[in-house]
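Visitor: Take a look at this one; I'll ask things after.
The values are calculated or read from the model by the stated rules, or taken from the named source; none is laboratory data. In this text the structure is predicted, and so the values were computed from the model without any measurement. So basically every Cβ, Gly included, is an ideal-geometry build from the backbone, and we count neighbours across all protein chains shown.
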């Protein structure tokens, strides 16, 4: 199942989903979304229990190839999960300038 960018932005702001960044550590160190949780794809089989089963998980990578793999694995483990259809690169593009400020200001305070 695919998650659209608008759905992910709204879900993060409403605190109803988890954006799961499944990129390698080096990729995340270069840039990341503060509102995301990080579990690299190779670690997902041993760390998936860190994720709650009562919230929608949206897997994400730069495009979508690894996100689809992660989604399929998490589905097999009983999670409600989608993948970010257009990837993190498109999400970053959607959150430029004023959109980035509005997004971060609307995030739940933790």
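Visitor: Restricting attention to the stretch 66-110, and to residues there that are in a loop (DSSP other than H, G, I, E, B) and surrounded by 16 or more Cβ atoms within 10 Å (Cβ to Cβ), which single residue is modelled with the highest pLDDT?
Guide: Here the residue is 79.
Visitor: Name the one entry in 6, 67 that is under 19 Å from residue 100 (Cα atoms) and out of contact with any helix residue (DSSP H, G or I) (no Cβ under 6 Å at 6 or more places or on another chain).
Guide: Selected residue: 6, the only one of 6, 67 that is under 19 Å from residue 100 (Cα atoms) and out of contact with any helix residue (DSSP H, G or I) (no Cβ under 6 Å at 6 or more places or on another chain).
Visitor: Condition first: surrounded by 19 or more Cβ atoms within 10 Å (Cβ to Cβ) and closer than 13 Å to residue 82 by Cα. Now tell me which residues in the stretch 23-65 satisfy that.
Guide: 57, 58, 59, 60, 61, 64
Visitor: Could you list, in sequence order, all residues of the stretch 8-22 that are in contact with a strand residue (DSSP E or B) (Cβ under 8 Å, 6 or more places away or on another chain), surrounded by 17 or more Cβ atoms within 10 Å (Cβ to Cβ) and not in a strand (DSSP E or B)?
Guide: Listed by number, the residues that qualify are 8, 11, 12, 22.
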